[in-house]
1. What residue, among those in the range 110-133 that are of a type in the set (A, V, I, L, M) and under 19 Å from PRO93 (Cβ atoms), is farthest from the chain's Cα centre (by Cα)?
2. Give, as residue ranges, the helices (runs of 4 or more DSSP H) completely inside the range 290-356 that count at least 3 residues that are in contact with a His (Cβ under 9 Å, 6 or more places away or on another chain) and either of a type outside the set (Asp, Glu) or in the same structural domain as TYR260 (by TED's automatic domain parsing) (or both).
3. Has the range 185-203 got at least one residue that is without any contact (Cβ under 8 Å) to a residue 60 or more places away in the chain, loosely packed, with under 13 Cβ neighbours inside 10 Å and over 21 Å from the mean Cα position of the chain (by Cα)?
4. Given the condition within 18 Å of ALA259 (Cβ to Cβ), of a type in the set (Gly, Ala, Ser) and surrounded by fewer than 21 Cβ atoms within 10 Å (Cβ to Cβ), answer yes or no: does some residue in the range 306-324 qualify?
5. If a residue counts only when it is within 30 Å of ALA254 (Cα to Cα), which helices (runs of 4 or more DSSP H) contained entirely in the range 18-117 have at least 1 such residues?
6. Does GLU285 meet the test of being surrounded by fewer than 16 Cβ atoms within 10 Å (Cβ to Cβ), outside any loop (DSSP other than H, G, I, E, B) and acidic (Asp, Glu)?
7. I'm told LEU191 meets every condition in (1) modelled with pLDDT under 95; (2) over 30 Å from ARG361 (Cα atoms) except one. Can you identify the failing condition by its number?
Amino acid sequence: MPASTKTAEPQTPPGVRWRIGLNSEYQELAIRLAEHPDLLVIESDPLSGASILLAHAPRDADRPTVSVDARAAGSALDLAMAIATAAITRLAPQAASWWNGAGTFDVEGLRLSRTLSHRGIDLDELRLGSGAGIEQLRHALELVAELSESDGLLAIDHLDDLLERLSARAARTLLGVVRAEHQRAGSLPQLLVGRTDGRLASALRDPEHPLYRAGDTLQVRRPRPQRFIDDLAATPRQWKDVTLALVGAAAELAHGAPAYVWRTVDAARASDDRDALAAWRRLRESAEPSTAQQFRLLGSVHRAAPTVVCAIANGIGPYELPLNPKSINDALTRMRARGQVYSPERQRWAIGDPLLAAWARENAPTWVRRHAQR
């Protein structure tokens, strides 16, 4: 078949397939958003598809949403500037050119500046990132509320990535600002995404924390492979070359990580053999340099982390290793805080990235593989 013919094949409609494997979670999130909660926290497993839900559910609910990705933020000031930039871009696009430094001070920027100055907010300081980070975070949240309509929503994804980079005290202070804004009259509802049992979710359950019981939680676990088969079987399909067998095989190989499942399916559909295993191998080969680097960096997390990951990848319980239990516990704690490992069920560990799991399984030290064969 000519390459041009393959390229012209109709792709799985994005509006249909992203819900496959996540349909129950999508429906639950839609129900929660319809209730207009002041604060909703999503606890998510690594690569569970929570970001996909965040991208679609508010839009489907017709909620004007200011969306922020906290992964690049290293401080409260970084987060404040990201929130303010997203708010201007989404809700005041006329001022976006000035805000981003590409244009002169315009009428919209002047209006915003005058409105916020009455609240003690210097919009230019917020734009340039000067001043105390916590104060600017408060100002950014007020800016979002000022620009938003009554049914608006502030969605911050990957918030635990930032919280884990901060000291416990700094993270507590940042979440304290979130709580204070949550209680302020006229504030905007917030949808925050963190990790399962991460700092964000733990704060909601800690009686000593400012965020204690400030909002509701919704858990998004990594879907089991069977979920993809069940959801696909119940979905009217508008494409002919995606079978239950293909999706099921891709879901097994990718350990239920939605992004990798569909990358594998698309790669299989683009080939003559429609073989999920061959497509998965090609995906692994193309990602091998970055995957190997990802494994190499585990040593900077904890000296026992590479060995622990190799053990988990080979089906060995971490505490079965002939290592100091405290070192194992410290390695697991640090990796879990970074989303590198997670616990899909009680007393069981899994590796967050399926590509890293496959690499570690094949490149584990000989003694680890022998231990797995016992």
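1. The selected residue is LEU110.
2. Those helices (runs of 4 or more DSSP H) span 325-337.
3. yes
4. For the range 306-324, residues within 18 Å of ALA259 (Cβ to Cβ), of a type in the set (Gly, Ala, Ser) and surrounded by fewer than 21 Cβ atoms within 10 Å (Cβ to Cβ): absent.
5. Output list reads 23-34, 50-60.
6. Answer is yes for this residue.
7. It fails just one condition, (1).
Residues checked against (1) closer than 30 Å to ARG19 by Cβ; (2) among the polar types (S, T, N, Q):
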site	(1), (2)
VAL265	yes, no
ALA268	yes, no
THR291	yes, yes
GLY299	no, no
ASN314	no, yes
ARG334	no, no
LEU355	yes, no
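The values are calculated or read from the model by the stated rules, or taken from the named source; none is laboratory data. Note that the structure is a prediction, hence the values are computed from the model and not measured. Here Cβ is always computed from backbone atoms with ideal geometry, including for glycine, and neighbour counts include all displayed protein chains.
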